[in-house]
Amino acid sequence: MASEKSIMWFRQDLRLKDNPALREALASGPTIAVYILDDESAGDHQHIGASRLWLHHALTALESSLNGKLLCLKGNSTLILQSLCAQHNVASVYSSFCCEPWRIRQDEEVREALAEQNVQFHQLNSSFLWWPQEINKPDGSPYKVFTPFYRRGCLTAKQPRKPLLTADTGKLVQINMPEAGIAKLRLLSGKSWEERVLKSWQVSEEGAEKQLLTFLKEGLTGYKNGRNYPSLPHISKLSPFLRHGQISPNTVWWAVANQEPTPDNDHFLSEIGWREFSNNLLFHNNKLPEENFRADFSQFEWEEDPQVIKRWQRGETGVPIVDAGMRELWQTGFMHNRVRMIVASYLTKNLRQHWRAGANWFWKTLVDADLANNSASWQWVAGCGADAAPYFRIFNPVTQAQKFDPEGVYIKTYLPELKRLSGNDLFAPWQAPQQSLLNAGVLLGENYPKPMIDLAASRKAALAAYEAMKGK
Ligand SMILES: Cc1cc2nc3c(=O)[nH]c(=O)nc-3n(C[C@H](O)[C@H](O)[C@H](O)COP(=O)(O)OP(=O)(O)OC[C@H]3O[C@@H](n4cnc5c(N)ncnc54)[C@H](O)[C@@H]3O)c2cc1C
C-alpha cells in the first residue's frame with residue numbers, strides 16, 4: 001500500500017511564503033497541491049471578469065513556483081476532494097479559512113464527507129491577522145463599530161503571528177490527470193481589455209513583494225494624508241495580492257509594525273484593520289452582500305434605471321472626477337479609494353441607484369473584488385452599513401476634485417479629452433465659459449458629455465428620500 005499523503009487545497013492563499021496550511025501539509029509528508037474552481041457552489045459570488053483574469057495569472061505563477069506540481073481542476077470541491085483522497089491514499093486535507101459564506105457552508109460539507117472516509121480536514125488561519133471568531137465584544141457579541149473593534153478588540157488581543165519562512169516544496173507529489181490544467185479552467189475571456197488591465201500589474205508572489213517594497217520605500221512616509229490624493233504614490237496597491245493571497249496580511253503588517261511607530265505607519269496598519277473588520281462583519285452577517293446591514297433602509301426608495309447605471313459604468317456622467325474614476329477602473333482593474341468613495345456616493349445618492357448595482361459592477365471589474373471589503377464598503381458609503389458614513393453626508397464631486405486633485409493630474413490621465421481645461425473649468429465643465437471650452441477643444445454633448453443631473457437638485461432629492469424613509 002502506498003504511503004499516506006496529504007492534500008494542500010489552495011483557495012485564497014496562492015503563495016508559498018507565510019502559508020501555514022501549506023507548511024503543515026508538507027510537514028506531514030508527501031503532499032498533493034490542488035486548486036479547484038467551483039463556480040456552481042460559489043453561485044453569484046464566483047470569480048468573474050477582472051478577478052478571473054487575475055486568478056488565471058496567479059495560478060500560473062503558483063504552478064511555476066511549485067515546479068508544475070499544481071493540480072487545477074474544475075467542479076464540485078467536495079466530490080473532487082473525496083475522489084482524490086480515495087484514489088491516492090490521502091489521510092489529511094489542509095486549507096486556509098475563508099470568510100465567504102458559501103465557502104463556510106462548503107467547508108462543513110467537505111468536513112463531513114471526508115470524515116466518512118476517515119480523512120481529517122484541517123483549517124488554518126493564513127488569510128487574516130486574527131480569526132474572525134476570536135474578536136468579539138467583552139459580552140461575546142460581534143463588534144459593529146470599527147474603532148472599538150480595532151482598538152479594543154484587535155490591538156489588545158494576541159499579537160498577529162510573525163511571518164513564516166517559505167515552505168520547502170520538496171515533498172510535493174506530481175499527479176497527472178487528463179482533465180487537469182489551468183487552461184481547462186477557462187478563466188480568460190480572450191477579450192482585448194485583458195491585455196490592457198495586465199499592463200498595470202505583475203501578477204505573482206514576486207510581484208506582490210516588489211509592490212510592498214516599493215510602497216515601503218516610496219509611499220509609506222506621507223501615507224496618512226497622501227492616501228487621499230489619487231495622483232500621488234501614497235497607496236500600496238496591495239489589495240489584489242491580499243485578496244488572492246499572494247501576500248499574507250501578516251507579512252504586510254509586520255513589514256510596517258516592525259518600524260518605529262509614526263502617524264503614517266499607524267494609519268496604514270489601521271487600514272489593514274478595516275480589512276479585518278469587513279471580514280468580521282461578513283463572518284457574522286452572511287447576508288451582507290445582499291441585504292442592508294441597517295434594517296431601516298429596507299424602506300428606502302431607490303431609483304432603478306439601467307440606462308443611468310450604464311452611463312455611470314462607462315464613465316459618461318459628465319462629472320470629470322466620477323468619469324475619471326470609472327475609466328481608471330475599466331483600464332486598470334483598480335480604482336483609488338478616495339475616488340471609489342466619490343463614485344459610490346454619486347451613484348447611491350445623487351443618482352439614487354441601489355448600492356448593489358454599484359457593488360455588482362465593482363465585482364465584475366475590480367482585480368481586487370473581495371466579497372467582504374466590497375459589500376461592507378458599498379454599504380458604508382450608501383449609509384446603510386455598519387459604522388457607515390451618515391446618509392446625509394453627500395460628497396460634492398466638484399469640491400472633492402478641487403481638494404484632492406487640485407492640479408487635475410488624475411482627471412487628465414483618464415480623460416485626455418479634457419486635458420486643455422484647468423481649474424474649475426476642468427472640475428465642472430458645464431459651468432465653464434463657452435470661450436474656455438472652445439479654446440480647449442471641448443464640445444459638451446459631443447466629445448464630452450453634458451452632466452446627467454444637477455448636483456444641487458439631486459442632493460436635495462436624495463435628502464428628501466432619506467427623510468421620507470425615516471418617516472415610514
Ligand atoms: C465602494 C468601495 C468598494 C470597495 N471594494 C473593495 C474591494 O472589492 N476589495 C478591496 O480589497 N477593497 C475594496 N474597497 C476598499 C479600498 O478602496 C481598497 O481596499 C483600497 O483602495 C485598495 O488599495 P490599496 O491596496 O492601495 O490600499 P492601501 O491604502 O494601501 O491599504 C492597504 C490595504 O488595507 C486594506 N484596506 C484599505 N482600505 C480599506 C477599506 N476601506 N476597507 C477594507 N480594507 C481596506 C486593503 O486590503 C488594502 O490593500 C472598496 C472601497 C469602496 C469605497
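The values are calculated or read from the model by the stated rules, or taken from the named source; none is laboratory data. A quick note: this is a predicted structure, and the numbers were derived from the prediction, not measured. Here Cβ is always computed from backbone atoms with ideal geometry, including for glycine, and neighbour counts include all displayed protein chains. Heavy atoms of the whole protein, side chains included, go into the accessibility calculation; ligands, DNA and RNA do not. Shrake-Rupley method; radii C 1.70, N 1.55, O 1.52, S 1.80 Å.
Under a no-solvent Debye model with one identical scatterer per Cα of the range 329-443, what's log10 I(q)/I(0) at q = 0.09, 0.11, 0.12 Å⁻¹?
Normalising to I(0) and taking log10 leaves -0.29, -0.42, -0.50.
Measure off 7 Å from each Cα along the Cα-to-Cβ vector at residue 221 and residue 157, then give the distance between these two points in nanometres to one decimal.
So the label points at residue 221 and residue 157 sit 3.4 nm apart.
Work through the residues other than residue 242 whose Cβ is under 13 Å from its Cβ and net out their charges, Lys, Arg +1 and Asp, Glu -1.
Details: positive: 15, 237, 243, 275; negative: 13, 18, 205, 209, 271, 276, 368, 370.
Spelling it out: positives minus negatives among the neighbours equals -4.
Which of rounded, prolate or oblate describes the range 250-362 when judged by the alpha-carbon gyration tensor and an a/c cut-off of 1.5? Each step should come with its number before you reach the end.
Details: a/c = 2.69, a/b = 1.47, b/c = 1.82.
The shape class here is oblate.
Summarise the accessible area of the range 214-350 (1.4 Å probe, protein heavy atoms) by the percent that is carbon and sulfur. Mind showing how you got there, number by number?
Numbers: 2440 of 5240 Å².
That share works out to 46 percent.
At 222 nm, what value in deg cm²/dmol follows for the chain if DSSP H runs of at least 4 each add -39500 (n - 2.57) and the sum is divided by all its residues, to the nearest 500? Kindly include the intermediate steps, with their values, before the conclusion.
Details: 21 runs with 216 residues, N = 472.
It lands at -13500 deg cm²/dmol.
What FRET efficiency would be calculated for the residue pair residue 122, residue 337, taking the C-beta separation as r and a Förster radius of 45 Å, to the nearest 0.05? Mind showing how you got there, number by number?
Values: r = 35 Å, r/R0 = 0.79.
Step by step, r from the Cβ atoms, then E = 0.80.
Under 15 Å from the Cβ of residue 156, count the other residues' Cβ atoms, weight Lys and Arg +1, Asp and Glu -1, and hand me the total. It would help to have the intermediate numbers written out before the result.
Values: positive: 137, 151, 152, 158; negative: 134, 276.
That sum, taken over residues with Cβ under 15 Å, equals +2.
Sort 15, 152 by accessible area with a 1.4 Å probe, largest first.
Details: 15 5, 152 155 Å².
Most to least solvent-accessible, the answer reads 152, 15.
Report the Cα centroid-to-centroid distance between the range 125-166 and the range 1-58 in angstrom, as an integer.
If we compute the Cα centre of each part, the gap is 24 Å.
Compute the distance from the alpha-carbon center of the range 348-403 to that of the range 76-98, in whole Å.
Answer, in whole Å: 38.
Please state the charge dipole magnitude for the chain, taken about the Cα centre, from unit charges on C-beta atoms (+1 on K and R, -1 on D and E), reported in debye and rounded to the nearest 20. Please list the in-between numbers first.
Numbers: 53 positive and 50 negative charges, 160 e Å.
The calculated dipole for the chain is roughly 780 debye.
For the range 398-404, in order, what is each residue's ³J(HN,Hα) by Karplus, 6.51 cos²θ - 1.76 cosθ + 1.60 with θ = phi - 60°, in whole Hz (x at glycine and Pro)?
Whole-Hz 3J(HN,Hα) from phi for the range 398-404: 6, 6, 4, 5, 4, 7, 9.
Extending each Cα 7 Å along its Cβ direction at residue 39 and residue 166, get the distance between those two points in nm, one decimal.
The answer from the label model is 3.4 nm.
Can you give the accessible area of residue 308, probe radius 1.4 Å, in Å² rounded to 10?
Number for this one is 30 Å².
Pick out, from 436, 354, 383, the residue whose Cα sits farthest towards the positive end of the charge dipole of the range 295-471, with +1 on the Cβ of Lys and Arg and -1 on the Cβ of Asp and Glu.
436
Translational D (Stokes-Einstein, µm²/s) of the range 1-122 at 25 °C and 0.890 mPa s when Rh comes from the Kirkwood sum over C-alpha pairs? Please report the intermediate quantities before stating the final value.
Numbers: Rh = 14.8 Å.
Taking Rh from Cα pairs, D becomes 166 µm²/s.
Could you give the Stokes-Einstein D for the range 307-378 in µm² per second, using the C-alpha Kirkwood radius, 37 °C, 0.692 mPa s? Show your work: numbers first, answer last.
Numbers: Rh = 11.8 Å.
Translational D for this selection: 278 µm²/s.
Accessible area per residue of the range 295-471 at 1.4 Å probe, in Å²? If you can, show how the numbers build up before the last one.
Details: 7380 Å² over 177 residues.
Using a 1.4 Å probe on heavy atoms only, each residue of the range 295-471 averages 42 Å².
Helix 371-382 against the longest principal axis of the chain: what's the angle in degrees, Cα atoms only, rounded to the nearest 10?
Compared with the principal axis, the helix lies near 20 degrees.
Could you work out how much longer the chain between residue 141 and residue 193 gets when fully extended? Use 0.36 nm per residue separation minus the Cα distance between them, nm to one decimal. Mind dumping the intermediate values first?
On the way: separation 52, 0.36 × 52 = 18.72 nm, distance 4.47 nm.
Residue separation times 0.36 nm, minus the Cα-Cα distance, leaves 14.2 nm.
Residues in the range 430-454 near a label at residue 314, defined as backbone nitrogen under 11 Å from the 7 Å Cα→Cβ point?
449, by backbone N distance to the label point.
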